[in-house]
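J.: One structure, pasted below without further comment.
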Amino acid sequence: MPYFDAASTAPLHPLARQALLSALDEGWADPARLYRDARRARMLLDAARETVAAELGARPDEVVFTTSGTQANQLAVLGALAGNHRKGRRFVHSAVEHSSILHAAEQHEASGGSAGTVPVDSLGRVDPERFAQELLPGTALAALQSANHEVGTLQPVAEVAELCAAAGVPLLVDAAQSAARLAPPAGWSLLTASAHKWGGPAGVGVLAVRKGVRYRSPLPADDRESGRVPGFVNVPGAIAAAVSLRAVRAEALRLGPQQHARIDRLRAELPALVPDLAVLGDPLRRLPQLLTFSCLYVDGEALLGELDRAGFAVSSGSSCTSSTLTPSHVLAAMGALTEGNVRVSLPDDCTDADIELFLQVLPSAVAAVRAQLEPSGPAGAPAAAAAPPDALVLDTLGRRCPIPVIELAKHFAEVPVGGLVAVLSDDEAARLDIPAWCEMRGQRYQGEQPSQRYGPDGGTAYLVRRLS
């Protein structure tokens, strides 16, 4: 089965496996003790720290190991805000940061702090000048990922770092997706990463804090890992993480151009093969191995299942998965379709034959899912209500996406040019996907009103004016 979900977790690198097995025998002792086995464990841990620091452009004494990238992000946010509390309690971050950053921001706000969110453009990229406008007096920390985990867009970290430095604000960079493939971004004050993203073992994260950056652990005091991460450090895991990071970064010089070319092929050919498919993210300033696209009139979870049956492992940030029914905050911030969303992220052993097979499989998989989702029954029929005379009313109350958009497309030709369509829906994703459909189709989205003006109560009427 071709594995196309390396951005979630990469397969364990062969050298990481060897290092982990060896370290389980050699590095099992407590590195804080003084006897021989402990000293050996300490030497191995120090060597791992030095390797990771060198690859990330840090000093060894700036690097600590955490239990995950999520923990690294949350410790970075809360620790830097605590350390800089005398400057203020404002935290600035982009709208597309990883959920671990956003959850830490929520906790900060719940404790009395404030947060500013920097919007992104349709490619998922922040404008440095817009970011600078949020660096108000009292800002204690800013956060900007190096590359987006969902669409692969590279962020202008160096430019934002200069603006943060001029404002005296430390900058946290989440480098989880880029650490093993691209050079470390310049100008960071705090940097985080996660070993399982580059072929290291799960359960090992990295937090680097520059010397001179104020930091106070938000957790109870502990004498491990410079007082920043409590508990016994995973010495074998840290060793395997360091070995795999060095190996993957060396291999990236060869693999990067190959992966860029494979993703470029997908970006070019998929829209021609599958009707109503939109490729997302920046086509040029992007991660080499990652591609995300959205298909109109497709349930994301159903499409993942269809691809899985065809032998492909991919992921989805779709708003339509039955497990969450929550739109992707990244795609929502971009103003992109949140339905039928698929992320393809290539592992290091991907071949051209894998890409060729995916191009053959995807069109039939999308067609199969669209056939399953064809509306039936009363839902989707024009509502019998005292609607304005120029409006076609589509009642999709009680139906989840992508049904509201499917109904809109199915009946849109029934209204004359200049006519109005009111889509009644109680699915939160419709608020994002109907405007996105209008953008793709060159039609005018005219906002929303309470549904009872057009038909049954209990939802929202999303209004679309036909322009052509």
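The values are calculated or read from the model by the stated rules, or taken from the named source; none is laboratory data. What you see is a predicted model, and the numbers here were worked out from it, not measured in a lab. All Cβ positions, even for glycine, are placed from backbone atoms using ideal geometry, and neighbour counts span all protein chains on display. In case anyone asks, the SASA skips ligands and DNA or RNA and just uses the protein heavy atoms, side chains included. Shrake-Rupley method; radii C 1.70, N 1.55, O 1.52, S 1.80 Å.
J.: Residue check: is Leu266 over 30 Å from Gly27 (Cβ atoms), surrounded by 15 or more Cβ atoms within 10 Å (Cβ to Cβ), within 23 Å of the chain's Cα centre (by Cα) and modelled with pLDDT of 95 or more?
T.: Values: over 30 Å from Gly27 (Cβ atoms): yes; surrounded by 15 or more Cβ atoms within 10 Å (Cβ to Cβ): yes; within 23 Å of the chain's Cα centre (by Cα): yes; modelled with pLDDT of 95 or more: yes.
It is true that Leu266 is over 30 Å from Gly27 (Cβ atoms), surrounded by 15 or more Cβ atoms within 10 Å (Cβ to Cβ), within 23 Å of the chain's Cα centre (by Cα) and modelled with pLDDT of 95 or more.
J.: Please find, among Leu255, Leu207, Leu245, the residue that is modelled with pLDDT under 95 and open to solvent by less than 20 Å² (accessible area, probe 1.4 Å).
T.: Only one candidate qualifies: Leu255.
J.: Now a separate question. If only one of Ala165, Ala175, Ala140 is among the aliphatic types (A, V, I, L, M) and touching a Lys or Arg at 6+ places or on another chain (Cβ under 9 Å), which one is it?
T.: Testing whether each residue is among the aliphatic types (A, V, I, L, M) and touching a Lys or Arg at 6+ places or on another chain (Cβ under 9 Å) leaves just Ala140.
J.: OK, next. Look at Gly200 and say whether it is under 18 Å from Glu50 (Cα atoms), in a loop (DSSP other than H, G, I, E, B), open to solvent by less than 40 Å² (accessible area, probe 1.4 Å) and touching a residue at least 40 places away in the same chain (Cβ under 8 Å). Full working, then the answer.
T.: On the way: under 18 Å from Glu50 (Cα atoms): yes; in a loop (DSSP other than H, G, I, E, B): yes; open to solvent by less than 40 Å² (accessible area, probe 1.4 Å): yes; touching a residue at least 40 places away in the same chain (Cβ under 8 Å): yes.
Yes: the conditions hold for Gly200.
J.: A further question on this structure: Taking the criterion of being modelled with pLDDT under 95, in a helix (DSSP H, G or I) and loosely packed, with under 15 Cβ neighbours inside 10 Å, would at least one residue in segment 282-305 satisfy it?
T.: yes
J.: So, one more: Conditions first: (1) modelled with pLDDT of 95 or more; (2) under 21 Å from Asp223 (Cβ atoms); (3) not in a helix (DSSP H, G or I). Asp30 passes all but one, so which condition is the exception?
T.: Asp30 satisfies all of (1) modelled with pLDDT of 95 or more; (2) under 21 Å from Asp223 (Cβ atoms); (3) not in a helix (DSSP H, G or I) except (1).
J.: A further question on this structure: Being open to solvent by 40 Å² or more (accessible area, probe 1.4 Å), part of a loop (DSSP other than H, G, I, E, B) and among the small types (Gly, Ala, Ser) is the filter here; which residues of segment 216-236 pass it?
T.: Result: Ala221, single match.
J.: Against the condition modelled with pLDDT under 95 and either open to solvent by 10 Å² or more (accessible area, probe 1.4 Å) or farther than 18 Å from Val52 by Cα (or both), how does Pro156 come out, does it pass?
T.: no
J.: Output yes when any residue across segment 432-442 is aliphatic (A, V, I, L, M), open to solvent by 40 Å² or more (accessible area, probe 1.4 Å), part of a helix (DSSP H, G or I) and in contact with a Pro (Cβ under 7 Å, 6 or more places away or on another chain), and no when none is.
T.: Looking through segment 432-442, at least one residue is aliphatic (A, V, I, L, M), open to solvent by 40 Å² or more (accessible area, probe 1.4 Å), part of a helix (DSSP H, G or I) and in contact with a Pro (Cβ under 7 Å, 6 or more places away or on another chain).
J.: Right, here's the next one. Here are Gly79, Gly116: which of them is under 26 Å from the mean Cα position of the chain (by Cα), open to solvent by less than 30 Å² (accessible area, probe 1.4 Å) and more than 23 Å from Ala193 (Cβ to Cβ)?
T.: The unique qualifying residue is Gly116.
J.: Looking at this structure, is Leu182 open to solvent by less than 40 Å² (accessible area, probe 1.4 Å) and either under 30 Å from Gly138 (Cα atoms) or in contact (Cβ under 8 Å) with a residue 12 or more places away in the chain (or both)?
T.: no
J.: Inspect segment 405-420 for any residue being farther than 14 Å from Asp276 by Cβ, in contact with a Cys (Cβ under 8 Å, 6 or more places away or on another chain) and either free of Cβ contacts under 8 Å to residues at least 60 places away in the same chain or surrounded by fewer than 19 Cβ atoms within 10 Å (Cβ to Cβ) (or both) and give the result as yes or no.
T.: Scanning segment 405-420, I find no residue that is farther than 14 Å from Asp276 by Cβ, in contact with a Cys (Cβ under 8 Å, 6 or more places away or on another chain) and either free of Cβ contacts under 8 Å to residues at least 60 places away in the same chain or surrounded by fewer than 19 Cβ atoms within 10 Å (Cβ to Cβ) (or both), so the answer is no.
J.: Could you check segment 44-60 and list, in sequence order, the residues that are open to solvent by 50 Å² or more (accessible area, probe 1.4 Å), part of a helix (DSSP H, G or I) and farther than 16 Å from Glu26 by Cβ?
T.: The answer is Glu50, Ala54, Pro60.
J.: If Leu463 meets every condition in (1) in contact with a helix residue (DSSP H, G or I) (Cβ under 8 Å, 6 or more places away or on another chain); (2) open to solvent by less than 30 Å² (accessible area, probe 1.4 Å); (3) modelled with pLDDT of 90 or more apart from one, which number is that one?
T.: With respect to (1) in contact with a helix residue (DSSP H, G or I) (Cβ under 8 Å, 6 or more places away or on another chain); (2) open to solvent by less than 30 Å² (accessible area, probe 1.4 Å); (3) modelled with pLDDT of 90 or more, Leu463 is out only on (1).
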